[in-house]
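The values are calculated or read from the model by the stated rules, or taken from the named source; none is laboratory data. Worth saying up front: this structure is predicted, and the values here are computed from it rather than measured. We place every Cβ from the backbone using ideal geometry, glycine too, and count neighbours over all the protein chains shown.
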Amino acid sequence: MTWMIKFVDENRQVFNTLMKEQLKIEKNGSRNSYLTLEALNEMPYASKVVKEALRKASVVQWLPRVALEDCVIEGFKIKKGWNINIDARSIHHDPTVHKDPDVFNPSRFPIKMLEKLQAESKPYSFLAFGMGGRTCLGKNMAKAMMLVFLHRFITNYKWKVIDSDSSIQKRALFTKLKSGYPVRLISKKDAKNKTM
Ligand code: HEM
């Protein structure tokens with residue numbers, strides 16, 4: 001979530017598109033009630049923001065597997081019993097897999113058929129929740145939590161980054177910013193009351 005806010009803050013075009021989508025949902029009544037599943041389904045752009053944040057700052061960096069039989073993958077011989085680490089982070093940053101991988105571009109992920117044809121990422125190249133038989137069991141819950149957080153954060157608050165230092169904390173299990181990316185939150189309601 002920290003990374004998501006950082007990426008959104010640094011990309012004003014993304015922020016504006018996201019805000020437009022989220023204000024529409026707020027107008028439909030989200031302010032005074034819980035967000036419904038229907039409302040979450042009306043957030044295609046926010047879903048892409050979540051996905052792109054997870055691509056750029058992969059929480060789980062690699063997926064461990066054991067080879068059940070001898071096999072050859074792209075010319076590499078793999079023996080039965082070997083431990084294999086699928087390097088999700090490198091795949092997420094490989095320019096042959098994701099065009100301009102350093103750019104925060106939520107639109108690279110297609111949702112509709114036409115978008116799929118024009119996609120800037122190859123299929124099966126998003127591994128934040130793993131893939132196959134051991135895919136993350138909590139992925140829909142995690143995505144829903146991130147969408148709810150994003151909606152409430154964007155529509156209720158303005159924020160100011162206090163320390164935008166981009167250095168990464170060394171020897172951390174997950175890719176973390178050294179500063180923790182502190183922000184000062186200003187409630188939009190309070191800001192409005194003060195100017196009245
Ligand atoms: C952004 C949040 C999360 C991320 C990035 C994430 C990522 C992952 C990844 C990469 C795996 C391994 C998949 C594989 O080996 O192919 C995994 C497994 C798993 N995750 Fe998550 N996860 C998240 C949140 C959650 C939540 C909220 C829950 C539960 C409520 C959860 C429950 C599980 C379980 C039970 C497994 C093991 C599945 C198995 O081995 O069969 N995860 N997760």
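Pairs linking a residue in region 65-76 that is more than 16 Å from the ligand (Cβ to nearest atom) to a residue that is of a type outside the set (Gly, Ala, Ser) and assigned to a strand (DSSP E or B), with Cβ atoms under 6 Å and 6 or more positions apart or on different chains, are Cys71/Ile78. Counting only strands (runs of 3 or more DSSP E) that fall entirely inside region 27-83 and contain at least 2 residues that are modelled with pLDDT of 95 or more and of a type in the set (Asp, Glu), no element qualifies. Cβ-Cβ contacts under 6 Å between residues 6 or more apart (or on different chains), taken from a first residue in region 49-61 that is within 8 Å of the ligand (Cβ to nearest atom) to a second residue that is modelled with pLDDT under 90, are listed as Val59/Phe174. The single residue among Pro64, Pro95, Pro44, Pro110 that is exposed (fewer than 12 other Cβ atoms within 10 Å of the Cβ) and either among the aromatic types (Phe, Trp, Tyr) or farther than 15 Å from Ala128 by Cα (or both) turns out to be Pro95.
Applying the condition of being of a type in the set (A, V, I, L, M) and touching a His at 6+ places or on another chain (Cβ under 8 Å) to region 1-38 and asking which residue is surrounded by the most Cβ atoms within 10 Å (Cβ to Cβ) yields Ile25. Picking from Glu42, Glu26, which residue would you name as being closer than 24 Å to Ala144 by Cβ, touching a helix residue (DSSP H, G or I) at 6+ places or on another chain (Cβ under 8 Å) and free of Cβ contacts under 8 Å to residues at least 60 places away in the same chain? Within the list Glu42, Glu26, the selection yields Glu42. Residues that are touching a Phe, Trp or Tyr at 6+ places or on another chain (Cβ under 8 Å) and within 16 Å of the ligand (Cβ to nearest atom) are absent from region 154-161.
As a summary of the residue check, Arg134 satisfies the conditions (1) touching a strand residue (DSSP E or B) at 6+ places or on another chain (Cβ under 6 Å); (2) closer than 18 Å to Leu63 by Cα except for the one numbered (1).
Of all residues in region 82-104, those that are within 16 Å of the ligand (Cβ to nearest atom) and aliphatic (A, V, I, L, M) total 4. Comparison of Ser90, Ser33 shows that the only residue that is small (Gly, Ala, Ser) and closer than 30 Å to Ala172 by Cα is Ser90.
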